[in-house]
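The values are calculated or read from the model by the stated rules, or taken from the named source; none is laboratory data. Bear in mind the structure is a predicted one, so any value in this text is a computation, not a measurement. Quick reminder, even Gly has a Cβ in these numbers, built from the backbone with ideal geometry, and neighbours come from all protein chains shown.
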Amino acid sequence: MKCTAVVPTYNEKENIEELITQVLALGPEFHILVVDDNSPDGTGDIVHRLQQENNRVRVIHRARKSGLGTAYMDGMTLALAEGAEFVVQMDADFSHPPASVPKMLKIAEQTGADVVIGTRYSGGGRIEGWPIARHLLSRGGNWYARVMLGRAFSDYTSGFMCHRASTLRELPFREFGCSNFAFLLELKSEYGRRKLHIAEMPIEFVNRTRGASKISLGIVFEAFRIVVQINRRTRRERAAGLVGAGSQTTDAIEALSAAEGPKEHP
């Protein structure tokens with residue numbers, strides 16, 4: 001089984017080598033594909049060197065800073081073309097713990113989920129190290145998305161996802177109308193629209209300690225605009241009888257407990 005982690009980067013030289021080391025240490029089936037937007041700090045050069053040393057490391061060098069969404073489009077396309085059976089989306093700053101990736105795979109395999117999402121907002125998930133303003137922005141954006149797009153997900157704004165490749169190949173992610181963070185909203189909406197099997201795994205999200213956040217007002221406004229567009233499209237499709245409601249969402253912790261059976265106590 002081949003699992004490829006797709007990691008977009010821009011000025012992440014303080015994090016990327018350690019992240020790659022930790023992902024590769026998970027086992028021989030784990031690969032990492034970095035999509036670097038010509039980072040001025042030399043992030044792409046670091047990954048290129050590591051690629052020469054280990055064939056489980058790949059890098060896409062892009063000419064300019066082109067957005068998180070298009071980075072995922074390019075990375076997912078290559079990961080699928082190179083035979084990944086599962087594709088993980090994750091950040092370079094360790095807010096998405098590499099040690100959680102094998103657990104996501106286990107959940108996907110045991111529940112049959114098409115996608116496993118690391119959630120901060122249910123089942124014991126939590127956030128550590130964010131200022132109040134960032135908490136308010138995230139929770140407010142997530143509440144807005146759940147109201148507008150449906151409640152299939154507890155964490156629409158999570159960027160930590162594990163996709164079954166056979167399912168991902170069927171999604172038109174290269175046709176999404178956004179270049180930045182809103183890509184995550186469109187992707188989740190497509191899972192819900194197709195009534196696919198979604199599993200959620202609580203995670204501890206730790207704020208970055210090295211490097212700078214890439215969030216901006218422009219990225220936030222694009223996300224709000226995309227949510228409105230998806231909502232309007234979904235209403236038109238439902239009115240025409242093209243789609244219905246009702247994705248299957250699994251609480252991953254409960255599903256794993258059931259699959260493993262009762263615990264024996266001395």
Right, Gly159: touching an Asp or Glu at 6+ places or on another chain (Cβ under 8 Å), crowded, with 22+ Cβ neighbours inside 10 Å and within 23 Å of Pro8 (Cβ to Cβ) or not?
no
Checked Ala133, Ala145 against criteria (farther than 30 Å from Thr77 by Cβ and either outside any loop (DSSP other than H, G, I, E, B) or in contact with a Gly (Cβ under 6 Å, 6 or more places away or on another chain) (or both)); the one match is Ala133
Flag if Gly75 is within 19 Å of Leu184 (Cβ to Cβ), at pLDDT below 95 and assigned to a helix (DSSP H, G or I):
no
Exactly one condition in (1) among the aliphatic types (A, V, I, L, M); (2) more than 25 Å from Ile32 (Cα to Cα); (3) buried (at least 22 other Cβ atoms within 10 Å of the Cβ) is false for Ala84; which is it?
(2)
I need every pair where a residue in region 56-79 that is of a type outside the set (A, V, I, L, M, F, W, C) has its Cβ under 7 Å from the Cβ of a residue that is surrounded by fewer than 22 Cβ atoms within 10 Å (Cβ to Cβ) and assigned to a helix (DSSP H, G or I), sequence separation at least 6 or different chains.
Arg56/Leu24; Arg58/Gln51; Thr77/Arg174
Can you give me the number of residues within region 27-69 that are in a helix (DSSP H, G or I) and aliphatic (A, V, I, L, M)?
4
Could we say that Asp155 is more than 20 Å from Cys178 (Cα to Cα) and acidic (Asp, Glu) here?
no
From the list Ala182, Ala165, which one is more than 21 Å from Ala92 (Cα to Cα) and buried (at least 16 other Cβ atoms within 10 Å of the Cβ)?
Ala165
Which is of a type in the set (D, E, K, R) and touching a helix residue (DSSP H, G or I) at 6+ places or on another chain (Cβ under 6 Å), of Asp45, Asp36, Asp41?
Asp36
Search result, residues across region 104-146 that are touching a strand residue (DSSP E or B) at 6+ places or on another chain (Cβ under 8 Å), hydroxyl-bearing (Ser, Thr, Tyr) and farther than 24 Å from Leu26 by Cα:
Ser122, Ser138
